[in-house]
Amino acid sequence: MKFGNWEITASAIEWKGMGFNRFVVERQSLLETILIEATDEYLYKWIILATQEEWLSEDDLYDLNFAFAFTAGATPENFSYKTFDATLEYQFNNLEEDDEDEEEDE
């Protein structure tokens, strides 16, 4: 199954867009979390790491979010919608800040 430039395979979610960039989220580590000090919350690691990749567009990140939710939904007993919502809120806030910074630079 594909979401934009992301392909869901039996073992991972993989970036399949143009260019030489590579980003792979192995299913076994999909639901790993990291503590974000700014929010004092544990958020989904791979969404945060992807957000930090400057070569991924906002559309690419949104597509990854859908692929992530689709894949994580296969194991609903381990997936936390609360953590996912907090992760997306953090992501959206970062994207908004980046947009504001770009506008100031113009």
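If you go through the stretch 84-106 one residue at a time, do you hit one that is without any contact (Cβ under 8 Å) to a residue 24 or more places away in the chain, within 11 Å of the chain's Cα centre (by Cα) and assigned to a loop (DSSP other than H, G, I, E, B)? Break it down stepwise before answering.
Of all residues in the stretch 84-106, those without any contact (Cβ under 8 Å) to a residue 24 or more places away in the chain come to 85, 89, 92-93, 96-106.
Keeping just the survivors that are within 11 Å of the chain's Cα centre (by Cα) gives 92.
Then keep just the ones that are assigned to a loop (DSSP other than H, G, I, E, B); that gives none.
The answer is no, given that none of the residues of the stretch 84-106 is without any contact (Cβ under 8 Å) to a residue 24 or more places away in the chain, within 11 Å of the chain's Cα centre (by Cα) and assigned to a loop (DSSP other than H, G, I, E, B).
Selection within the stretch 7-37: residues that are in contact (Cβ under 8 Å) with a residue 24 or more places away in the chain and not in a strand (DSSP E or B). The member of this set that is farthest from P76 (Cα to Cα) is G19. Of all residues in the stretch 13-36, those satisfying the criterion of being more than 13 Å from the chain's Cα centre (by Cα) and over 23 Å from Y81 (Cβ atoms) are K16, G17, M18, G19, F20, N21, R22.
Given the criteria assigned to a strand (DSSP E or B), touching a residue at least 12 places away in the same chain (Cβ under 8 Å) and within 16 Å of N94 (Cβ to Cβ), does I48 qualify? I'd like the intermediate steps shown before the answer.
Details: assigned to a strand (DSSP E or B): no; touching a residue at least 12 places away in the same chain (Cβ under 8 Å): yes; within 16 Å of N94 (Cβ to Cβ): yes.
Against the criterion (assigned to a strand (DSSP E or B), touching a residue at least 12 places away in the same chain (Cβ under 8 Å) and within 16 Å of N94 (Cβ to Cβ)), I48 does not qualify.
Annotation note: of S11, S57, the sole residue that is of a type outside the set (A, V, I, L, M) and more than 18 Å from L88 (Cβ to Cβ) is S11. Taking the stretch 57-80 as the range and being under 10 Å from the mean Cα position of the chain (by Cα) and either of a type in the set (D, E) or in a loop (DSSP other than H, G, I, E, B) (or both) as the test, the residues that pass are D60, D63.
Residues are listed down the side, and each one gets a yes or a no for (1) over 16 Å from K2 (Cβ atoms); (2) among the charged types (D, E, K, R):
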residue	(1), (2)
D40	yes, yes
W46	yes, no
T51	yes, no
D63	no, yes
A69	no, no
E77	yes, yes
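Yes/no per residue for (1) in contact with an Asp or Glu (Cβ under 8 Å, 6 or more places away or on another chain); (2) at pLDDT 95 or above; (3) closer than 24 Å to E37 by Cα:
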| position | (1), (2), (3) |
| --- | --- |
| D59 | no, yes, no |
| N65 | no, yes, yes |
| G73 | no, no, no |
| P76 | no, no, no |
| F84 | no, yes, yes |
| L95 | yes, no, yes |
| D99 | no, no, yes |
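Just to verify a result, which residue in the stretch 37-57, among those that are modelled with pLDDT of 95 or more and of a type in the set (A, V, I, L, M), is surrounded by the fewest Cβ atoms within 10 Å (Cβ to Cβ)? Out of the qualifying residues, it is L49.
The values are calculated or read from the model by the stated rules, or taken from the named source; none is laboratory data. Remember, predicted model here, so these are calculated numbers, not experimental data. All Cβ positions, glycine included, derive from the backbone under ideal geometry; neighbour counts span all protein chains shown.
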